[in-house]
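The values are calculated or read from the model by the stated rules, or taken from the named source; none is laboratory data. None of the values given here were measured: they were computed from a predicted structure. Counting neighbours? That spans all protein chains shown, and the Cβs are built from the backbone with ideal geometry, glycine included. We work out accessible area using only protein heavy atoms, side chains counted, and drop any ligands, DNA or RNA first. Shrake-Rupley method; radii C 1.70, N 1.55, O 1.52, S 1.80 Å.
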Amino acid sequence: MSMDGRTCVITGSARGIGRGIAERLGEEGANVVINYRSSEGAAQEAVDAIETMGGQAVTAQADVSDPDEVEHMRDVCHEAFGPADVLVNNAGITADKQFTEMTREEWDRVMDVNLGGMFNCTQTFYDDIWNAEEGRLINISSVVGKQGNFGQANYATAKSGMFGFTRTIALEFAQGGSTANCVAPGFTRTDMVESVPDHVLDRIIAGIPLERLAEVEDIAAVVRFLASKESSYVTGEVIDVNGGMDL
């Protein structure tokens with residue numbers, strides 16, 4: 001499933017799941033655009049890692065909730081590699097609080113980044129994906145979008161919204177031969193999860209049939225398949241990567 005010559009834009013890819021995806025695609029020969037909002041140093045480290053593996057990558061600063069900055073990211077992509085073949089909407093934030101204490105500002109900010117960012121990036125790169133040979137849109141959601149989670153009404157709503165968006169865009173892209181799919185990871189071993197207290201983490205793992213957290217590589221492997229031409233007959237799907245949490 002070589003990615004040679006395919007240009008991939010991954011939002012929020014300076015660290016965590018996004019970085020794992022970027023490095024996996026770069027390792028497979030893709031040209032990678034590393035998007036970041038404020039973590040410039042980490043983004044450059046991701047570029048360096050990809051180049052060490054023999055791949056090509058550039059950084060592109062953009063707050064995905066700002067359409068003008070997303071257009072700048074597209075310009076960076078086009079100047080470095082040409083039109084994108086693959087867009088991975090991974091950027092997201094949390095602002096956790098019990099609903100009775102959640103402010104409208106906290107609600108709106110999560111919606112602006114997680115859903116609004118997906119809208120902005122998809123709209124900006126829509127023509128690239130449509131015109132690509134086997135274009136790919138991949139949205140990174142969460143098990144929280146399916147199951148909910150205490151104190152995450154805003155985040156769960158945004159992540160579940162990705163499902164309907166993906167299925168609708170899949171219908172539109174099908175007319176041009178491109179696909180749209182969604183990956184819904186479970187709890188994944190990242191800096192964010194590892195900051196969770198041990199007793200809480202133990203309770204989370206106890207509820208996972210495979211009895212472990214996901215590794216970033218588990219998510220990246222699924223995205224790699226969806227980004228490749230071998231996935232050409234898979235579209236409109238929500239693919240769970242959660243260790244069996246829905247069983």
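A count restricted to the stretch 207-229 and to residues that are open to solvent by 10 Å² or more (accessible area, probe 1.4 Å) and not in a loop (DSSP other than H, G, I, E, B) stands at 9. Within the stretch 58-80, being of a type in the set (A, V, I, L, M) and either farther than 14 Å from residue 13 by Cα or not in a helix (DSSP H, G or I) (or both) holds for 58, 60, 62, 64, 70, 76, 80. Of all the criteria given as (1) in contact with a Lys or Arg (Cβ under 8 Å, 6 or more places away or on another chain); (2) of a type outside the set (Phe, Trp, Tyr); (3) farther than 16 Å from residue 239 by Cα; (4) in a helix (DSSP H, G or I), the one not satisfied by residue 160 is (3). For the stretch 1-26, a residue qualifies if it is of a type in the set (Asp, Glu) and modelled with pLDDT under 95, and exactly one does: 4. Among the residues of the stretch 143-159, those identified as surrounded by fewer than 23 Cβ atoms within 10 Å (Cβ to Cβ) and touching a strand residue (DSSP E or B) at 6+ places or on another chain (Cβ under 8 Å) are 145, 146. Of 18, 29, 5, all but one fail to be open to solvent by less than 50 Å² (accessible area, probe 1.4 Å), in a loop (DSSP other than H, G, I, E, B) and in contact with a Gly (Cβ under 8 Å, 6 or more places away or on another chain); the exception is 29.
Results for (1) open to solvent by less than 60 Å² (accessible area, probe 1.4 Å); (2) within 25 Å of residue 125 (Cβ to Cβ); (3) of a type in the set (Val, Ile, Thr), shown as yes or no for each residue.
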{"residue": "161", "(1), (2), (3)": "yes, yes, no"}
{"residue": "166", "(1), (2), (3)": "yes, yes, yes"}
{"residue": "172", "(1), (2), (3)": "no, yes, no"}
{"residue": "187", "(1), (2), (3)": "yes, no, no"}
{"residue": "202", "(1), (2), (3)": "no, no, no"}
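Looking only at residues in the stretch 81-111 that are of a type in the set (Asp, Glu) and either in contact (Cβ under 8 Å) with a residue 12 or more places away in the chain or closer than 20 Å to residue 193 by Cβ (or both), the one that is least open to solvent (accessible area, probe 1.4 Å) is 85. The residue of the stretch 112-142 that is farthest from residue 6 (Cα to Cα), among those that are in contact with a helix residue (DSSP H, G or I) (Cβ under 6 Å, 6 or more places away or on another chain), open to solvent by 10 Å² or more (accessible area, probe 1.4 Å) and assigned to a helix (DSSP H, G or I), is 115.
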